[in-house]
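**Q** Pasting a structure here, questions to come.
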Protein chains: 12
Amino acid sequence: MADHTYKVIELVGTSHDGLEDAIEGAIARAAETISNLDWFTVKEIRGTIQDGKPGWYQVTMNVGFRVLSAADLHKEG
Amino acid sequence: MADHTYKVIELVGTSHDGLEDAIEGAIARAAETISNLDWFTVKEIRGTIQDGKPGWYQVTMNVGFRVLSAADLHKEG
Amino acid sequence: MADHTYKVIELVGTSHDGLEDAIEGAIARAAETISNLDWFTVKEIRGTIQDGKPGWYQVTMNVGFRVLSAADLHKEG
Amino acid sequence: MADHTYKVIELVGTSHDGLEDAIEGAIARAAETISNLDWFTVKEIRGTIQDGKPGWYQVTMNVGFRVLSAADLHKEG
Amino acid sequence: MADHTYKVIELVGTSHDGLEDAIEGAIARAAETISNLDWFTVKEIRGTIQDGKPGWYQVTMNVGFRVLSAADLHKEG
Amino acid sequence: MADHTYKVIELVGTSHDGLEDAIEGAIARAAETISNLDWFTVKEIRGTIQDGKPGWYQVTMNVGFRVLSAADLHKEG
Amino acid sequence: MADHTYKVIELVGTSHDGLEDAIEGAIARAAETISNLDWFTVKEIRGTIQDGKPGWYQVTMNVGFRVLSAADLHKEG
Amino acid sequence: MADHTYKVIELVGTSHDGLEDAIEGAIARAAETISNLDWFTVKEIRGTIQDGKPGWYQVTMNVGFRVLSAADLHKEG
Amino acid sequence: MADHTYKVIELVGTSHDGLEDAIEGAIARAAETISNLDWFTVKEIRGTIQDGKPGWYQVTMNVGFRVLSAADLHKEG
Amino acid sequence: MADHTYKVIELVGTSHDGLEDAIEGAIARAAETISNLDWFTVKEIRGTIQDGKPGWYQVTMNVGFRVLSAADLHKEG
Amino acid sequence: MADHTYKVIELVGTSHDGLEDAIEGAIARAAETISNLDWFTVKEIRGTIQDGKPGWYQVTMNVGFRVLSAADLHKEG
Amino acid sequence: MADHTYKVIELVGTSHDGLEDAIEGAIARAAETISNLDWFTVKEIRGTIQDGKPGWYQVTMNVGFRVLSAADLHKEG
């Protein structure tokens, strides 16, 4: 039985509303073309400032998914 | 007068709802058996992905508390 | 045409309510005396524990702004 | 339904034979008193040198397990 | 004469047998669709625990390969 | 209005001439197939040595671009 | 013959007098209930400020000891 | 009730006599113009060498203080 | 004789021309109001991308200078 | 009685066979000219890829040994 | 057939002219006594400031070379 | 006029008495054979524990010195 291989891609989710919203947005975007997303890790939290308030929260994430077939290897999220 | 010693334990709080909820859950759990919890630091933020959305937010934390007696040294949170 | 120089200051925002609130508080504070704030990065998330719950969320941030004049160089946030 | 909390402990496994053997030894040791061990991460690989050869491989690991009851909170591996 | 550009992708190899086997599995998988793989670096070693023993060794790797043509830019391994 | 998602890829630019030339080469290469490249960060600077002089400067970079459509998600640079 | 397993706990020693005194205090505290303490590593040095002088030096340390029996696994220092 | 904001500045204390003396010197200097200094963290320890002995111990520190008024925002230590 | 205290500020220099030019620009800017600048360290190299080429090189630096008088403590560069 | 001084050198061991073999090779090489080697730490694991398989495992290590005499100070491993 | 061992030494190259010049200077210096230099990695970029301009660029590098014979083990660059 | 090159070696100083004593011991040892030692940086502080007290303080340091001649390149401290 073959062992599994996972691929990890790096995405930056953004939101005006907060950290979870930025995370969810990027995952939802990736899920449009990859069905077997598995986990994420947060690498960096930053943001823009506009008019004395956070403008965009920007959350850099690593997102991992299992490679089921050769075709999956070219999925990019 | 004796100086203080603190003990630091590592916990992972999880939540479907968000980062603060995961943090609060782990602290509440630890507080069930340790009364003198003092501070926490977030070491890592990650999570599972289910159906194209974050499943569990997983927040790894260090939680510190003051050692008041020898018995406290064996409290683990 | 002169190139831009940016200054980065380090602030810790605190809040009883959550991470975004702590971030917004420190940025609002800095914006009282600096009009051209540009971006922030989160360096550390920690907090106090009171009565088995997070007391203060403490978010250490780097906040950057563009130096427009010599006077700006002395703005500190 | 309550969210889960995990506890992470730090162990150093040692072996004359190699890295996997050092990892397995520490996990086996922890499993003697904790039944719900879940995952490990390798933090550092080092070793002693004896007679021009590696003596003991020393693998520092974080080992995580789910806290099922208050009693589990005091399990230390 | 043009300089070379390399692309680096992140993979997680897994194995029940050990670290080298996990590394080799992920490289073999990537080699199915990319012929000019060049080097790898290990970023993280972790694993699952099952029945008091390591279940899956999980080795996160960066794998680099030279971009020979525009088509190579879309190879993902 | 939808929030933005960015994708980050890792490239290594190389040059006999210097650091900026290595950076520019990798960016130019990526720009051949991706029009909306946005920013880069330098992760590592290294190089080969030939005849007592730097041979190739090798600059590892993260390059970010905004995902405008599902098709952009598969652009790899 | 069985290989050794070590356990590492994290302590914060504090002192008004200096770094070595903070280190010694935490080790002495741990030694009250664990006889086979083996080594320590300093992870962080910080402190409070009172009246324009360092108040408490706070030295975060990892302290390691050899697990001799199942009972040792529950010693916490 | 408003939440607190803290400002963190970076100082390097120096001393011929040792680490604590270098730390105390920089804090005393900062306290001349800032009354509400709160905590410090040590970021780096280095020094010069003169005549085969340490010349100056140089301790790089982050020093934090609470911002009580807009005027405090411009205090620099 | 009093020991020296140094202050470290964080600046981001930018340039269309390259890394050294970005470094020199930020130092020149700081030197307009601080005469005793002493050293710099590069913390991060990044940049914007415009039309398939680096737009602005952005070099984040720590810049240190010796505090000669209380007035120097408020110099910000 | 004089305290001990240790010297640490950096070596890269390589092997076609695996991680332990790479570590052992470099230590054996160093032991040819230094008799009092004491410990090693693994700093980085990487390797080349040839024909879709790991070619050389390359393990970067720090190797420490005690300086017994002035002559030992010039031993390099 | 024996596997290869590499030695890594740490050098700081300096230059008034820029980063590449500092790198080249240190490599040229090392090449005077070591013929088989192989690669370098940049560990830190810093410099002195004189008259409001960078004085010396100081580039800390690791330089690696293959150990061909026991004599090579004592080459230091 | 030629630019300067510096060499950096890694030493571990040890002492029963404290951190400064460990640092001074290693520097004194290195100074026996190298006259132009210039600076040191502390990389790690650790120690052994004996009878519930620190046994040996072990301070790992990088020590730098200027290479004045080809012969200096082989000085090792």
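**Q** For L:G25, what is the net charge nearby, where nearby means another residue's Cβ is under 11 Å from its Cβ and Lys, Arg count +1, Asp, Glu -1?
**A** -3
**Q** Report the net charge of residues surrounding K:N62, where surrounding means a beta-carbon distance below 13 angstrom and charges are Lys +1, Arg +1, Asp -1, Glu -1.
**A** Computed value for this residue: -2.
**Q** Rounded to the nearest 10 degrees, what's the angle between the helix J:19-31 long axis and the longest principal axis of chain J, both from Cα atoms, 0 to 90?
**A** 40
**Q** May I ask which of C:K43/L:K43; B:K43/I:K7; H:K7/H:K43; C:K43/J:K43; F:K43/J:K53; E:K7/F:K53 have a Cα-Cα span longer than 18 Å here?
**A** C:K43/L:K43; B:K43/I:K7; C:K43/J:K43; F:K43/J:K53; E:K7/F:K53
**Q** Roughly how many whole Å is it from the C-alpha centroid of the range E:1-65 to that of the range A:14-73?
**A** 23
**Q** How crowded by other chains is B:30-42, given as the mean number of beta carbons from other chains within 10 Å of each beta carbon?
**A** Whole-number average of other-chain Cβ neighbours for B:30-42 is 5.
**Q** Show the residues, 5+ positions off or on another chain, whose built amide H is closer than 5 Å to the amide H of G:T5.
**A** HN-HN under 5 Å from G:T5: G:V67.
**Q** May I ask you to evaluate 6.51 cos²θ - 1.76 cosθ + 1.60, the Karplus curve with θ = phi - 60°, for each residue of the range J:32-40 and list the ³J(HN,Hα) values in order in whole Hz, giving x for glycine and proline?
**A** Here the 3J(HN,Hα) series is 5, 10, 10, 8, 9, 4, 10, 8, 9 Hz.
**Q** Something else: If you take the Cα Rg of the range H:6-74 and divide it by 2.2 N^0.38 Å, with N the number of residues, what do you get?
**A** 1.24
**Q** So which GluC sites (Glu not before Pro) in the range F:1-47 are both in a DSSP loop and have at most 16 other Cβ atoms within 10 Å of their Cβ?
**A** In loop regions of the range F:1-47 (DSSP not H, G, I, E or B), the sparsely surrounded GluC sites (Glu not before Pro) are F:E32.
**Q** Separate question: Between chains C and I, what is the buried accessible area summed over both chains (1.4 Å probe, protein heavy atoms, nearest 100 Å²)?
**A** Adding both sides of the contact gives about 1400 Å².
**Q** Amide H to amide H under 5 Å from A:G18: which residues, 5+ apart in sequence or cross-chain, H placed 1.01 Å off N in plane?
**A** Long-range HN contacts for A:G18: A:Y57.
**Q** Still on this structure, please answer the following. Across peptide L:57-69, how many C-beta atoms of other chains are within 10 Å of each residue C-beta, on average?
**A** 3
**Q** Can you pull the accessible area of D:T33 for me, 1.4 Å probe, Å² to the nearest 10?
**A** Here the residue's solvent-accessible area equals roughly 40 Å².
**Q** Under a crude label model (7 Å from the Cα following the beta-carbon direction), how far is A:S69 from E:K53 in nanometres?
**A** Simple spin-label model gives 3.4 nm for this pair.
**Q** Given the rotation relating C and B, tell me which residue in C puts its Cβ closest to the axis and the distance in Å.
**A** Result for the axis mapping C onto B: C:L19, 4.
**Q** Summarise the accessible area of chain F (1.4 Å probe, protein heavy atoms) by the percent that is carbon and sulfur.
**A** Heavy-atom surface of chain F belonging to carbon and sulfur, 1.4 Å probe: 45 percent.
**Q** If you don't mind, another one. In whole percent, what relative contact order does chain K give with Cα contacts below 8 Å and a gap of six or more residues?
**A** Relative CO of chain K lands at 42 percent.
**Q** What are the extents of the Cα atoms of the protein assembly as shown along their three principal axes, listed from largest to smallest and rounded to whole Å?
**A** 74, 67, 66
The values are calculated or read from the model by the stated rules, or taken from the named source; none is laboratory data. Being a predicted model, the structure only gives us computed values, none of them experimental. Note: ideal-geometry Cβ built from the backbone for every residue, glycine included; neighbour counts use all protein chains shown. Just the protein is used for accessible areas: all its heavy atoms, side chains included, with ligands, DNA and RNA removed. Shrake-Rupley method; radii C 1.70, N 1.55, O 1.52, S 1.80 Å.
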